[in-house]
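Asker: What follows is a structure written as structure tokens; I'll ask about it next.
The values are calculated or read from the model by the stated rules, or taken from the named source; none is laboratory data. The structure displayed is predicted, hence computed values, not measured ones. Using ideal geometry, Cβ is built from the backbone for each residue, glycine included, and neighbour counts are taken over all protein chains shown. Each accessible area value is taken on the protein alone, full model and side chains, heavy atoms only, with ligands, DNA and RNA left out. Shrake-Rupley method; radii C 1.70, N 1.55, O 1.52, S 1.80 Å.
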Amino acid sequence: MSILARFWKLVRVTFLEGMLHRTEDGRRLGFFSRRGWGANLMFAGITGCVIGLVWIAQRAHFELDALTAASEVLEVQQGETSDGDAVYQLTLRWTHEDGTTYVTIPRVRASYYNLPVGTELDIKYDPNDPKDVRVETQEGPWFFPRLILISSLMSFVMGRLLRGNPEA
């Protein structure tokens, strides 16, 4: 059996046991069964790993093509989240390697963007789409994808331990 076929079988079995509380042959598992809840954790772990890997692949694709430039903060606009926390949106001016000057607003609003006007920031941009600008942060671009991947792997392992080995 190929690796892909084994993976899809694992996804199907964990979905059946966890979400539907049924075995492969159709027997009903109790709502509070360890096997069912372990399968739920495993399914959540698999889903999180897929999301984390896709995010890492997308980020790696950007990082491979991106160029670095120094930018100047022209404007800082303050906003609020639904929780009432302050977030800031930057307007940046930077120069492309061909000498063209751009004024862009990164897609991300963040609480740590409370910077004085005139501050210089390092940015990365896609040379094929200069409006795709990302500000370099202290955590780096890999912080959240790694966090999702690690927590998903932990969820999968805990689910596997809780589920046990039903074939035994």
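Asker: I'm trying to understand the selection: among the residues of segment 130-142, which are open to solvent by less than 90 Å² (accessible area, probe 1.4 Å), at pLDDT 75 or above and out of contact with any helix residue (DSSP H, G or I) (no Cβ under 8 Å at 6 or more places or on another chain)?
Answerer: Within segment 130-142, P130, V133 meet the criteria.
Asker: Kindly indicate the residue of segment 13-27 that is over 18 Å from L162 (Cα atoms) and either touching a Ser or Thr at 6+ places or on another chain (Cβ under 9 Å) or not small (G, A, S) (or both) and also surrounded by the most Cβ atoms within 10 Å (Cβ to Cβ) among those meeting that condition.
Answerer: That would be E24.
Asker: If you check W8, W37, which single one turns out to be open to solvent by 90 Å² or more (accessible area, probe 1.4 Å), in contact (Cβ under 8 Å) with a residue 60 or more places away in the chain and over 30 Å from D122 (Cβ atoms)?
Answerer: Residue meeting the stated conditions: W37.
Asker: Let me ask you something else. Somewhere in segment 98-108, is a residue surrounded by 11 or more Cβ atoms within 10 Å (Cβ to Cβ) and hydroxyl-bearing (S, T, Y)?
Answerer: Checked segment 98-108: at least one residue is surrounded by 11 or more Cβ atoms within 10 Å (Cβ to Cβ) and hydroxyl-bearing (S, T, Y).
Every residue, every condition in (1) part of a helix (DSSP H, G or I); (2) in contact with a Lys or Arg (Cβ under 8 Å, 6 or more places away or on another chain), yes or no:
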| residue | (1), (2) |
| --- | --- |
| K9 | yes, no |
| E17 | yes, yes |
| G30 | no, no |
| G45 | yes, no |
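Asker: Now a separate question. Out of P116, P127, I need the residue that is more than 30 Å from W37 (Cα to Cα), over 26 Å from the mean Cα position of the chain (by Cα), of a type outside the set (A, V, I, L, M) and surrounded by fewer than 16 Cβ atoms within 10 Å (Cβ to Cβ). Which one?
Answerer: Among P116, P127, only P116 is more than 30 Å from W37 (Cα to Cα), over 26 Å from the mean Cα position of the chain (by Cα), of a type outside the set (A, V, I, L, M) and surrounded by fewer than 16 Cβ atoms within 10 Å (Cβ to Cβ).
Asker: Among the residues of segment 47-73 satisfying the criterion of being in a helix (DSSP H, G or I) and polar (S, T, N, Q), which is least open to solvent (accessible area, probe 1.4 Å)?
Answerer: Pass one, segment 47-73, residues in a helix (DSSP H, G or I): 47-65.
Then drop every residue that is not polar (S, T, N, Q), which leaves 47, 58.
On the way: T47: 59, Q58: 84 Å².
Per the criteria, the residue is T47.
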